[in-house]
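Everything on this sheet refers to the single structure shown next.
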Amino acid sequence: MSREETIGKIEENKIIVITRGIYEEELLKLAEALYEGGIRAFEITYDPADPDTLVRTRKNIEMLDQRFRGELLLGIGTVLTCEQVRNAKEAGAKFIVSPNFNEAVVKETLKEGLVSMPGCMTPTEICAADEAGADFIKLFPAGTLGIKYCKDIYAPIHHVKFIATVGVTEETLRQYLELGFTGAGVSSMLVDKKLREAGKYGELTERAKRLVEISKSFSV
């Protein structure tokens with residue numbers, strides 16, 4: 001899949017599920033439940049505190065790619081170094097997400113033919129990331145900053161493609177999309193640990209369906 005096709009898929013689907021600390025069989029169960037609910041993009045994050053995170057994350061990307069055979073768009077998050085970008089490319093990831101803006105990481109991402117999504121909060125960071133070539137801007141932490149902040153930041157800087165992250169709900173997803181954001185990264189609502197521990201993956205499927213229905217109502 002080309003960079004342009006990946007960008008198109010993100011714009012079309014609008015929702016990226018963010019998973020952190022979920023691996024192997026548990027990750028597969030979650031992915032299958034959310035795929036059934038209409039989710040088509042997954043971000044598997046590195047764990048900076050885990051010395052084996054490169055290998056572990058790579059194995060999980062490869063596992064999901066084999067299971068869904070390209071039908072689930074896969075990316076890697078919490079990417080902090082150029083080495084991690086290269087590892088992500090080798091694993092088969094199509095997009096790179098960071099909690100921060102690092103120009104070297106953005107440049108390496110583009111060099112490797114992947115889609116860049118750095119995390120930014122301030123106008124200075126957003127404009128710098130855009131000038132560096134970032135394809136999307138992950139507004140982080142959008143949920144903490146609040147919808148008013150999002151509106152205020154979007155008004156003068158609406159030429160970039162924003163992905164809101166942190167604390168996304170059905171209500172706020174609709175607000176972000178109404179505002180003009182491209183989409184959102186969703187974690188807690190769709191990876192709920194209590195539901196997973198109780199084996200209630202069906203509830204996660206239903207939650208996914210509701211979010212996907214909202215996103216589809218904003219499709220061009």
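The values are calculated or read from the model by the stated rules, or taken from the named source; none is laboratory data. The shown structure was predicted, so the numbers you read here are calculated from the model rather than taken from an experiment. Counting neighbours? That spans all protein chains shown, and the Cβs are built from the backbone with ideal geometry, glycine included.
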Review point. Any idea which of (1) part of a helix (DSSP H, G or I); (2) more than 16 Å from the chain's Cα centre (by Cα) is the one residue 50 doesn't satisfy?
Key: (1)
Check your understanding: Just wondering, is there one or more residues in the range 159-175 that are part of a loop (DSSP other than H, G, I, E, B) and surrounded by fewer than 13 Cβ atoms within 10 Å (Cβ to Cβ)?
Key -> yes
Point to revise | So residue 88, is it buried (at least 22 other Cβ atoms within 10 Å of the Cβ), aliphatic (A, V, I, L, M) and at pLDDT 95 or above | key: yes
Exercise for review: Please tell me if residue 184 is more than 15 Å from residue 33 (Cα to Cα) and touching a helix residue (DSSP H, G or I) at 6+ places or on another chain (Cβ under 6 Å).
Suggested key: yes
Review point. Would a scan of the range 182-200 turn up a residue that is modelled with pLDDT of 95 or more, in contact with an Asp or Glu (Cβ under 9 Å, 6 or more places away or on another chain) and surrounded by 22 or more Cβ atoms within 10 Å (Cβ to Cβ)?
Key: yes
Exercise for review: Please work out which one of (1) of a type in the set (A, V, I, L, M, F, W, C); (2) part of a helix (DSSP H, G or I); (3) without any contact (Cβ under 8 Å) to a residue 60 or more places away in the chain is the condition residue 42 fails and give its number.
Suggested key: (2)
Point to revise | Count of residues meeting criterion [among the aromatic types (Phe, Trp, Tyr) and either within 10 Å of residue 54 (Cα to Cα) or outside any loop (DSSP other than H, G, I, E, B) (or both)] in the range 70-103 | key: 1
Exercise for review: Could you check, for the range 128-143, whether at least one of its residues is modelled with pLDDT under 95 and surrounded by fewer than 23 Cβ atoms within 10 Å (Cβ to Cβ)?
Suggested key: yes
Practice item. Mind telling me which of the residues 192, 152 ends up being closer than 25 Å to residue 131 by Cα and among the charged types (D, E, K, R)? Key: 152
Check your understanding: What pairs can you find where one residue is in the range 63-85 and more than 11 Å from residue 98 (Cα to Cα) and touching a residue at least 12 places away in the same chain (Cβ under 8 Å), the other is polar (S, T, N, Q) and assigned to a loop (DSSP other than H, G, I, E, B), and their Cβ atoms are less than 9 Å apart, with a gap of 6+ or different chains?
Key -> 82/102
